[in-house]
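Taking it in order: structure first as structure tokens, then the write-up.
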């Protein structure tokens, strides 16, 4: 199992400036550039320790928000390509359906891959619904545009034979001939993201790896669908194809680890603070699903499925208000002493039938640099070595006591 | 009196390989009513009032209501040609085209192409042009407004703004979702207008009436005045106690103005 260090580069000082929307509309006067500079440097410093820790690096992207200062994931990855020598570098991901220029994306990918001498992994995503607005991307036909962009990017990266033209439904180019070409051939490994159980099939068909976020038990359904489809079409289906992002916090003492996890969970408490008009762009969901969601939203206390945690007994609770223990029990958070964290991850590995990539949100909210470094150091020293060659065993019914074996 | 009470409220018809839901009511001179950005109810009071003394033809634009939205129907140009085909398919002449909001944009795109079958045009709180540039915004962007802001700008009387979703049928919720998707398809960017349209407005050579809700907060009355000034011989009139949708808030007044406009021909 590889472990990837992940962080949203949040700006928590602005989180109390709006209860309606922290995304898209929060004025940037609430962003002090001097503090933003400190934040960007701090997280680059943490990521740059990946080599020493034997971990890998994962960077995401969001726009116009106090929850994430990384408005372009390729920029930190390029900086880290130079600062590290062995860590792999994953984007998760580049908003290829929203970016107007897939060839520009292909060039960025090639540059990172070349500078890192073949350590890039290209996570290419449709992006969250509210990202439509800052990008002004047409929400109707997004999935078709995503697939065309992906096709074009792969061809542009693999091409060595001089210019080709592309006259697609969404993109038109006359002189596709990128320099440099990527280090890894024909192009870096691809990652897609899926949050719905049915998302496994189309990712498997393309032989791409699939990552899910904070979905706990739902990941198993998605991974099972992926494996089934991959076997049907003769594509890879081992643990290395799967990634799972969880909140992870280590400490010498369990109580401190849970406190750190709670701090990182500031992400869960603030990420959904989005004004109503941007939560569900027109045409983003198939109309039938949209109509069903409108109907479901009439029920009192309704929380959309993606914002809930699926429990052992099949019931669901809202993510934003779940306790740390509930989140640990349901695999959204891995937190505790190194031994406890190892046991939790091992159990999850067994539960999903083999997880090759753990993406670790090891910082969030007001968790300090010192606390973050301490958590990662403990993980790197005491947990990662035991995860490296971990195999999936048959899943054992969970034990209440998660103390060290 | 609606003598067609026993017949279906609307029917499906194929025009140019696109299956459209169309309301056909009444007898008399033909009125083609082109609905606005938020769709229209097939049992709208305006339809009763118009069908009293005219042949009302009210299609649901591709993707709206139960009309199909083929993959290759993407722009307002497509809809304009579709409705010109509809008029030709039915052999209609001297048609009064009434376009509300987004429907008004369609009406203008039809008219600059051909007024052969069109007798006159009524544009009701229409969109489709921009008079400003850059930061100077003519048309409020409904995609950026909160539900409360949208309601305030769209309606004079906010009672119209919040449909009771719980009371709506599954089909009505599906139509609501379809309408949102279709509107995004046709109006996303450049937002709610055709930068080329103003160049060709001089081709509208039939009597044009521009009607405007006095309290329209989506497109202000001044926009309507500029539009009327840009179309040869066009007349501008306000409808009071009314926002962006006179067809919803003042259907009797709107119907009367349209009947008077038709009668004056």
Subject >> Among residues of segment A:200-234, those that are buried (at least 18 other Cβ atoms within 10 Å of the Cβ) and closer than 22 Å to residue A:4 by Cα, counted >> reply: 18
Original post:
Any chance segment A:315-336 includes a residue that's more than 17 Å from residue A:257 (Cα to Cα), within 14 Å of chain B (Cβ to nearest Cβ) and touching a strand residue (DSSP E or B) at 6+ places or on another chain (Cβ under 9 Å)?
Top reply: no
Original post:
If you take the residues of segment B:167-180 that are at the interface with chain A (Cβ under 8 Å from one of its Cβ atoms) and within 16 Å of residue B:42 (Cα to Cα), which of them is surrounded by the most Cβ atoms within 10 Å (Cβ to Cβ)?
Top reply: B:178
Original post:
Within segment A:136-148, is there a residue that is surrounded by fewer than 22 Cβ atoms within 10 Å (Cβ to Cβ) and under 21 Å from residue A:181 (Cα atoms)?
Top reply: yes
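Being within 21 Å of the chain's Cα centre (by Cα), closer than 30 Å to residue A:178 by Cβ and without any contact (Cβ under 8 Å) to a residue 40 or more places away in the chain is true for just one of A:69, A:115, A:92, A:40. Which residue is that? Write out each step before concluding.
Details: A:69 fails: without any contact (Cβ under 8 Å) to a residue 40 or more places away in the chain; A:115 fails: within 21 Å of the chain's Cα centre (by Cα); A:92 fails: without any contact (Cβ under 8 Å) to a residue 40 or more places away in the chain.
That would be A:40, the only listed residue that is within 21 Å of the chain's Cα centre (by Cα), closer than 30 Å to residue A:178 by Cβ and without any contact (Cβ under 8 Å) to a residue 40 or more places away in the chain.
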Original post:
Only one of (1) crowded, with 21+ Cβ neighbours inside 10 Å; (2) within 14 Å of chain A (Cβ to nearest Cβ) fails for residue B:122. Which number is that?
Top reply: (2)
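Being within 12 Å of chain B (Cβ to nearest Cβ) and touching a residue at least 40 places away in the same chain (Cβ under 8 Å) is the filter here; which residues of segment A:262-294 pass it?
Residues of segment A:262-294 that are within 12 Å of chain B (Cβ to nearest Cβ), as a first pass: A:274-294.
Result: A:274, A:275, A:278, A:279, A:280, A:281, A:282, A:283, A:284.
Could you tell me whether residue A:329 is more than 20 Å from the chain's Cα centre (by Cα), in contact (Cβ under 8 Å) with a residue 24 or more places away in the chain and more than 30 Å from residue A:236 (Cβ to Cβ)?
Numbers: more than 20 Å from the chain's Cα centre (by Cα): yes; in contact (Cβ under 8 Å) with a residue 24 or more places away in the chain: yes; more than 30 Å from residue A:236 (Cβ to Cβ): yes.
In short, yes.
Would you call residue A:35 assigned to a loop (DSSP other than H, G, I, E, B) and in contact (Cβ under 8 Å) with a residue 12 or more places away in the chain?
The answer is no for residue A:35.
Rundown of residues vs (1) assigned to a strand (DSSP E or B); (2) free of Cβ contacts under 8 Å to residues at least 24 places away in the same chain; (3) farther than 16 Å from residue B:103 by Cβ, yes/no style:
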residue	(1), (2), (3)
B:181	no, no, yes
B:191	no, no, yes
B:198	no, no, yes
B:202	no, no, yes
B:228	no, yes, yes
B:233	no, no, yes
B:237	yes, no, yes
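Being within 14 Å of chain A (Cβ to nearest Cβ) and either crowded, with 18+ Cβ neighbours inside 10 Å or closer than 12 Å to residue B:38 by Cα (or both) is the filter here, so list the residues in segment B:187-209 that pass it.
Step one: filter segment B:187-209 for residues within 14 Å of chain A (Cβ to nearest Cβ), giving B:187-192.
Within segment B:187-209, B:187, B:188, B:192 meet the criteria.
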Subject >> Residue pairs meeting the criteria (Cβ under 6 Å; at least 6 apart or on separate chains; first without any contact (Cβ under 8 Å) to a residue 60 or more places away in the chain and more than 9 Å from chain A (Cβ to nearest Cβ), in segment B:146-166; second in a loop (DSSP other than H, G, I, E, B) and surrounded by 15 or more Cβ atoms within 10 Å (Cβ to Cβ)) >> reply: B:151/B:161; B:161/B:155
Original post:
Going by the conditions given, is residue B:184 within 14 Å of chain A (Cβ to nearest Cβ), surrounded by fewer than 22 Cβ atoms within 10 Å (Cβ to Cβ) and within 30 Å of residue B:30 (Cα to Cα)?
Top reply: yes
Original post:
With respect to residue B:162, is the statement that it is more than 26 Å from residue A:138 (Cβ to Cβ) and surrounded by fewer than 13 Cβ atoms within 10 Å (Cβ to Cβ) true?
Top reply: yes
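Condition first: assigned to a strand (DSSP E or B) and either within 30 Å of residue B:192 (Cα to Cα) or at pLDDT below 95 (or both). Now tell me which residues in segment A:103-160 satisfy that. Spell out the reasoning first.
Looking only at segment A:103-160, we keep the residues that are assigned to a strand (DSSP E or B), and these are A:120-125.
A:125 - this is the single residue of segment A:103-160 that is assigned to a strand (DSSP E or B) and either within 30 Å of residue B:192 (Cα to Cα) or at pLDDT below 95 (or both).
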Original post:
If you scan segment A:11-20, which residues turn out to be out of contact with any strand residue (DSSP E or B) (no Cβ under 9 Å at 6 or more places or on another chain) and under 18 Å from residue A:62 (Cβ atoms)?
Top reply: A:12, A:13, A:14, A:15, A:17, A:18, A:20
Original post:
Assuming residue A:235 fulfils every condition listed in (1) within 23 Å of residue A:191 (Cα to Cα); (2) under 20 Å from the mean Cα position of the chain (by Cα); (3) part of a loop (DSSP other than H, G, I, E, B) apart from one, which condition is it?
Top reply: (2)
Subject >> Selected residue (only one of A:81, A:97 is touching a residue at least 40 places away in the same chain (Cβ under 8 Å) and either more than 14 Å from every other protein chain (Cβ to nearest Cβ) or crowded, with 22+ Cβ neighbours inside 10 Å (or both)) >> reply: A:97
Original post:
Which residues, counting only those in segment A:262-306, are surrounded by 15 or more Cβ atoms within 10 Å (Cβ to Cβ) and farther than 24 Å from residue B:148 by Cα?
Top reply: A:262, A:263, A:264, A:265, A:266, A:267, A:268, A:269
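Identify, from the list A:161, A:175, the residue that is touching a strand residue (DSSP E or B) at 6+ places or on another chain (Cβ under 9 Å) and loosely packed, with under 14 Cβ neighbours inside 10 Å.
Values: A:161 fails: touching a strand residue (DSSP E or B) at 6+ places or on another chain (Cβ under 9 Å).
That would be A:175, the only listed residue that is touching a strand residue (DSSP E or B) at 6+ places or on another chain (Cβ under 9 Å) and loosely packed, with under 14 Cβ neighbours inside 10 Å.
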Subject >> Failed item, numbered, when residue B:115 is tested on (1) in a loop (DSSP other than H, G, I, E, B); (2) touching a residue at least 24 places away in the same chain (Cβ under 8 Å); (3) within 14 Å of chain A (Cβ to nearest Cβ) >> reply: (3)
**OP:** Test residue A:124 against the stated conditions and say whether it is on the phi < 0 side of the Ramachandran plot, free of Cβ contacts under 8 Å to residues at least 40 places away in the same chain and away from chain B (no Cβ under 14 Å).
**Re:** no
Original post:
From the residues in segment A:248-257 that are surrounded by 21 or more Cβ atoms within 10 Å (Cβ to Cβ) and more than 21 Å from the chain's Cα centre (by Cα), which one is farthest from the other protein chains (Cβ to nearest Cβ)?
Top reply: A:251
Original post:
Looking at this structure, is residue B:216 in contact (Cβ under 8 Å) with a residue 60 or more places away in the chain, touching a helix residue (DSSP H, G or I) at 6+ places or on another chain (Cβ under 9 Å), outside any strand (DSSP E or B) and farther than 12 Å from residue B:126 by Cα?
Top reply: no
**OP:** From B:124, B:142, grab the single residue that is touching a residue at least 12 places away in the same chain (Cβ under 8 Å) and closer than 25 Å to residue B:200 by Cα.
**Re:** B:124
Original post:
Does segment A:295-307 hold any residues that are out of contact with any helix residue (DSSP H, G or I) (no Cβ under 6 Å at 6 or more places or on another chain) and away from chain B (no Cβ under 14 Å), and which are they?
Top reply: A:301, A:303, A:304, A:305, A:306
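The values are calculated or read from the model by the stated rules, or taken from the named source; none is laboratory data. Please read these numbers as outputs of a predicted model, since none were measured by experiment. A quick note on method: Cβ atoms are made from the backbone with ideal geometry, for glycine too, and the neighbour counts reach across all protein chains shown.
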